[in-house]
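Colleague: Mind looking over this structure? Questions follow.
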Amino acid sequence: MTTDPNADPKFLAGLVVDALVDAQLIPKDQFHRAADIAAEEILVRQCMGDYWCTLCPQSLPKPASITLSLPLACPFPRAYTFLSNPQSFPQWASGLSPSPLTPTADPHTFLAQTPAGPARIRFTPPNPFGVLDHYVLPENAPAEIHIPMRLLQSNDACEITLTLRRQPEMTDAQFAADADWVRRDLAALKSLLESDQT
């Protein structure tokens, strides 16, 4: 980003708002209105000599979540039958549980040894909508972590989407590392389904 204190406020505002749109923090159709408001604020800050605080990356809102998706060259019925079985997750989701799940009295709840330690995982029951959400309750945690996941049909193939939510006190580096882990796991799922090993 430019460091020229006399830079055009509209140019600077456009850079900032464009970044917020890319991060899905501002709707695309609100770009011009947001840029106008930001330009006015930057102009005032320029006149005051302290507008740098508005451009500091640390002052920008952190994304609360990121949705990752991957196309799967696999028929929807076969992919969903595989994924709706909780015991299939250890075959590809190393970030959730690299070892077999232990059943509980509830047919949709399992005990798992996650990379972060023991946890209870509750899965969404099989349904006709491709919903694969699951809820992770780490040992001694106050609340479940909701992980939205969907399988979407696309002609004779499908697409998997997973939304990763930033947890309280999570740093940017930790959030980015979690996202990279999910990407690797989704790639493992893709390889598994497309090689017909399920």
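Readers should treat all values here as calculations from the given coordinates under stated rules, not as data from a laboratory. Just so it is clear, the model here is predicted, and its values are computed rather than measured. Glycine also receives a Cβ, built like all others from the backbone with ideal geometry; neighbour counts cover every protein chain displayed.
Colleague: Would you tally the net charge around Gly130, using a Cβ to Cβ cut-off of less than 10 Å, leaving Gly130 out, and scoring K and R as +1, D and E as -1?
Modeller: 0
Colleague: Express in whole angstrom the spacing between the alpha-carbon centres of region 175-193 and region 108-132.
Modeller: 17
Colleague: Give me the base-10 log of I(q)/I(0) for region 70-125 at each q in 0.24, 0.25 Å⁻¹, Debye formula, one uniform scatterer per Cα, rounded to two decimals.
Modeller: Treating every Cα as an identical point scatterer, log10 I(q)/I(0) equals -0.96, -1.01.
Colleague: Lys and Arg at +1, Asp and Glu at -1: add these up for the other residues within a Cβ distance under 12 Å of His146 and post the number.
Modeller: Around His146, the charge tally is 0.
Colleague: Explain nothing, just the number: relative contact order of region 65-194, from Cα pairs under 8 Å at least 6 residues apart, as a whole percent.
Modeller: Relative contact order for region 65-194 comes out at 31 percent.
Colleague: Can you give me the pair-distance distribution of region 65-194, C-alpha pairs, 5 Å bins, whole percents?
Modeller: 2, 10, 20, 25, 21, 13, 6, 2, 0
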